[in-house]
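Below is the structure I would like to discuss, written out as structure tokens.
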Amino acid sequence: MKSARDAVYEALHERLTHGYYPADATLIPQALSEEFGVSRTPVREALGLLERKGLLIAASRGFVLRIRSDEEMLEIFEVRAILESSAAAAAAERHTPVDIARLREALAQSASHTDPVEIRHALNVFHDCVMRAAHNETIYGMERDLRDQIKVSAPWFAPTGRESFESSVSEHEQIMSAIIDGSAEKARLLMLEHLNHDRDVRISQLVSRTMGVAAGESPSP
């Protein structure tokens, strides 16, 4: 059975990494305590864990979202690309039949959906399967923390149709083929190229939303 702290942590982590809170939100322990029906102690403990994960900053009234600067975001994308491309190379050398089955299933799921949000989710699962196939828990943990920090500071917004994913799906298929073939360097380079494309899209979306808000437009949902 989950502790109260763990339950609150998981709920808040889900919210933070899925755009539930606006960038200027303040998370107040008392209010969260009442919302979740628990004492303030597990709430404060959960908020402290999220602060150590780099998702929140302690403020005078509670905790605020840690929104990274442009330079910090570029640094995070760079380190994430190094970690995940290294994981792809390791996956090519260390994968098991179960790992390959999971990769195939994730890509099959991405092909079975038409909803952009569902497609994106399936492709995220694919990335997680690559990280697992590397069989390196240190890389896996560090990459997940960076991925969460990106989601808070540069949340991804779904395009309007499946056709916008055709290039990305093709890149995932090539990465999987290189992993299956045991081509470590090819898998590393393909993953690096793919993540650079993802970085460029996420940064473009972030800039567009920032400029839109500055011009008085409503931010994207």
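Please go through region 11-30 and pick out each residue that is part of a helix (DSSP H, G or I) and exposed (fewer than 13 other Cβ atoms within 10 Å of the Cβ).
14, 30
So which residues in region 111-142 are surrounded by fewer than 16 Cβ atoms within 10 Å (Cβ to Cβ), part of a helix (DSSP H, G or I), more than 15 Å from the chain's Cα centre (by Cα) and at pLDDT below 95?
Scanning region 111-142 gives 111, 112.
Return the residues of region 169-211 that are among the β-branched types (Val, Ile, Thr), open to solvent by 40 Å² or more (accessible area, probe 1.4 Å) and closer than 19 Å to residue 103 by Cα; say none if nothing qualifies.
From region 169-211, those among the β-branched types (Val, Ile, Thr) are 169, 175, 179-180, 201, 203, 207, 210; that's our starting set.
If we keep only those that are open to solvent by 40 Å² or more (accessible area, probe 1.4 Å) too, we end up with 180, 201, 203, 207, 210.
The answer is 180, and nothing else.
Sticking with this one: Within the bounds of region 160-168, is there any residue that is part of a helix (DSSP H, G or I), open to solvent by 40 Å² or more (accessible area, probe 1.4 Å), over 20 Å from residue 104 (Cα atoms) and modelled with pLDDT under 90?
Yes, region 160-168 contains a residue that is part of a helix (DSSP H, G or I), open to solvent by 40 Å² or more (accessible area, probe 1.4 Å), over 20 Å from residue 104 (Cα atoms) and modelled with pLDDT under 90.
Residue 145 versus (1) in contact (Cβ under 8 Å) with a residue 60 or more places away in the chain; (2) touching a helix residue (DSSP H, G or I) at 6+ places or on another chain (Cβ under 9 Å); (3) assigned to a helix (DSSP H, G or I): which is the lone unmet condition?
(2)
Which members of region 54-84 meet the condition of being of a type in the set (D, E, K, R) and within 13 Å of the chain's Cα centre (by Cα)?
Answer for region 54-84, where residues must be of a type in the set (D, E, K, R) and within 13 Å of the chain's Cα centre (by Cα): 80, 84.
Restricting region 46-102 to residues that are β-branched (Val, Ile, Thr) and in a helix (DSSP H, G or I), which is nearest to residue 211 (Cα to Cα)?
In this case the residue turns out to be 76.
The values are calculated or read from the model by the stated rules, or taken from the named source; none is laboratory data. Worth saying up front: this structure is predicted, and the values here are computed from it rather than measured. Quick reminder, even Gly has a Cβ in these numbers, built from the backbone with ideal geometry, and neighbours come from all protein chains shown. Ligands, DNA and RNA are stripped out before the accessible areas are found, and what is left, the full protein with its side chains, is counted by its heavy atoms. Shrake-Rupley method; radii C 1.70, N 1.55, O 1.52, S 1.80 Å.
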